[in-house]
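Student: This is the structure I have questions about; it appears just below.
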Amino acid sequence: MKFFIINSFRFIVYIAYFAIIALYAFGAYIQREEVKGWFYQLTGSQLQDSGGAGLSIVLGLVAGWFAATIVCGVLVTLLDIRDDINDRLPKAGGK
């Protein structure tokens, strides 16, 4: 049973990883006009609609990858610490 529980948590983390990336990319696509304005302030060049959409999706994917790595990394670390503590608790009771 423990094997199933641990692997189901990891499966949830894998789903969350890609869901976070997808949400960031979708959110950046929704805010593509803001990304185009940011690009104009940075470079002084105007982007066409397709260029703005492409740039916003790429920026959303990169930002989502970074955020998903941090969030899911912390989650897996906490689950690993909890698992290690649960493994050591029965050993500590016998002393």
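Student: Excluding Phe39 itself, calculate the net charge of residues whose Cβ lies under 12 Å from the Cβ of Phe39, where each Lys or Arg counts +1 and each Asp or Glu counts -1.
Tutor: 0
Student: Using a cut-off of under 19 Å, list every residue of region 7-25 whose amide N is near the label point 7 Å from the Cα of Trp65 along the Cα-to-beta-carbon line.
Tutor: Within reach of a label on Trp65: 14-25.
Student: Among the complete DSSP H segments of the chain, which ones combine at least 18 Å of alpha-carbon extent along their axis with a mean Kyte-Doolittle hydropathy of -1.0 or more?
Tutor: Those that pass (Cα extent of 18 Å or more, hydropathy at least -1.0) are 2-30, 49-93.
Student: Give, in nm to one decimal, the length gained when the segment between Asn86 and Leu42 is fully stretched (0.36 nm per residue of separation minus the Cα-Cα distance).
Tutor: Between Asn86 and Leu42, full extension yields 10.7 nm more.
Student: Go through Arg32, Arg10 and list them by solvent-accessible area, largest first, probe radius 1.4 Å.
Tutor: Arg10, Arg32
Student: Using 7 Å Cα-to-Cβ label points, what is the Val58/Ile30 separation (nm, one decimal)?
Tutor: 2.4
Student: Give me the distance in nm between label points sitting 7 Å out from Cα along the Cα-to-Cβ direction at Ala22 and Arg10, one decimal.
Tutor: 2.2
Student: Keeping every protein chain in place, order Leu59, Leu89 by accessible area at 1.4 Å, biggest value first, i.e. largest first.
Tutor: So the residues, ranked largest to smallest area, are Leu89, Leu59.
The values are calculated or read from the model by the stated rules, or taken from the named source; none is laboratory data. A quick note: this is a predicted structure, and the numbers were derived from the prediction, not measured. Virtual Cβ from ideal backbone geometry, glycine too; neighbours counted across all protein chains shown. SASA here: full protein model, heavy atoms, side chains in, ligands and nucleic acids out. Shrake-Rupley method; radii C 1.70, N 1.55, O 1.52, S 1.80 Å.
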